[in-house]
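Working notes, beginning with the structure itself.
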Amino acid sequence: MHLLILGGTTEARRLAELLHPTPGLRLTSSLAGRVASPRLPAGETRVGGFGGAAGLAAWLREHRVGAVVDATHPFAGRISFNAAQAAADSHVPLLALRRPGWVPVAGDRWHEAGSLEEAAGALPALGRRVFLTTGRMGLAAFAALDDLWFLVRSVDAPEPPHPARMEVLLDRGPFTLDGERALLRRHRVDVVVTKDSGGAATAPKLAAAREAGLPVVVVRRPPAPEGLPVAADPESAARWVRERLGRGPVPGY
Ligand code: NAP
């Protein structure tokens, strides 16, 4: 069986690692091509868009794909809807691998925002020195905030439009609590902005902000396709794939 993993996340790489090699399974991971030097998953990799839902459906047919796991980032809204459409049109089973969102705990000072624009609108009332961890793609939303200073952490260097007063820190997770504590102190950060990405790799910034009593603006997730089987972690997704390979019942799934 040919499995397509729509990737670009830690979980997608972990799933590929769990499944490769599996007798009888050909595994292709797909990356959008946003990151210049991505960490490559185990198995085959292809890079670049498919050309919408129709293009993806054609790719599934051409490459005789027998199952798809959508393991893209919770904020990659378009590809998930494309995958749902293409899988339905091609009658290929699709599993969504979706890490649960973060949940606030005692001591958190979270401010929810429905979008990056809403997060930007909330910032002037919350602080002056912002640790912005929402990635390099949405920086335009913060570009007009001339009175604020930004520490922008991203994998690749951002391009304009972006905030005028900005320092860029090129880095990618996983991050540690000690590292995040030191970062907040060193840059005298007084407010943090994050997407509700979920997962452990980037969660330490939330604990560091909590310890320091800092407000965190948390951007809510965009809608995701409904009615699909969902796995919360790569291990459950691997069980779903093995089940499709006809390797017996899947306990606990
Ligand atoms: P998006 O808005 O959902 O997708 C835009 C277009 O990029 C899609 O229509 C598709 O092009 C192409 N694409 C996206 N993911 C792809 C994949 N895995 N393989 C092949 N083509 C893909 O996604 P995005 O927010 O730009 O994110 C792009 C990628 O970065 C995703 O794979 C995601 O897992 C990863 N990522 C995103 C975020 C985030 O915050 N958005 C964070 C970390 C990682 P076509 O229509 O031409 O097929």
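General observations
- Shape class for segment 109-219, computed from the alpha carbon gyration tensor (a ≥ b ≥ c): rounded, with a/c under 1.5.
- Accessible surface computed residue by residue for the chain, with neighbouring protein chains in place and a 1.4 Å probe, gives 48 Å² per residue.
- Pairwise centroid distance, computed over Cα atoms, of segment 151-170 with segment 198-229, Å: 20
- For segment 196-235, the Cβ-based charge dipole about the Cα centre amounts to some 240 debye (Lys, Arg positive; Asp, Glu negative; other atoms uncharged).
- Between LEU170 and GLU62, the simple label model (points 7 Å from Cα in the Cβ direction) yields a spacing of 3.3 nm.
- Along the axis of the charge dipole computed for segment 109-219 (Cβ charges of +1 for Lys and Arg, -1 for Asp and Glu, origin at the Cα centre), the listed residues LEU116, LEU151, LEU139 are led at the positive end by LEU151.
- Shape of segment 37-82 from the C-alpha gyration tensor: oblate (a/c of 1.5 or more and a/b not above b/c, with a ≥ b ≥ c the square roots of its eigenvalues).
- Shape of the chain from the C-alpha gyration tensor: prolate (a/c of 1.5 or more and a/b above b/c, with a ≥ b ≥ c the square roots of its eigenvalues).
- The dipole here belongs to the chain: it is taken about the Cα centre, uses +1 on the Cβ of Lys and Arg and -1 on the Cβ of Asp and Glu, and is about 440 debye.
- R0 of 25 Å, Cβ-Cβ distance ALA232-PHE81: FRET efficiency to nearest 0.05: 0.80
- For VAL69, distant residues with modelled amide H under 5 Å away: LEU4, ILE5, LEU6, LEU95
- Accessible surface of the chain, 1.4 Å probe, proportion on carbon and sulfur as whole %: 53
- Annotation: amide H-H contacts under 5 Å for THR45 (H modelled 1.01 Å from N, sequence separation of 5 or more, or interchain): SER29.
- Under 5 Å between amide hydrogens, built in the peptide plane, is the criterion, and for LYS195 it picks out VAL219 among residues at least 5 positions away or on other chains.
- Here the contact order of the chain, divided by its residue count and restricted to Cα pairs under 8 Å and six or more residues apart, works out to 21 percent.
- Contact order for segment 99-178, expressed relative to its length and based on alpha carbon pairs under 8 Å spaced 6+ residues apart, stands at 23 percent.
The values are calculated or read from the model by the stated rules, or taken from the named source; none is laboratory data. Since the model is a prediction, treat every value here as computed from it, not as a measurement. Ideal geometry is used to build each Cβ from the backbone, glycine not excepted, and the neighbour counts take in all protein chains shown. Heavy atoms of the whole protein, side chains included, go into the accessibility calculation; ligands, DNA and RNA do not. Shrake-Rupley method; radii C 1.70, N 1.55, O 1.52, S 1.80 Å.
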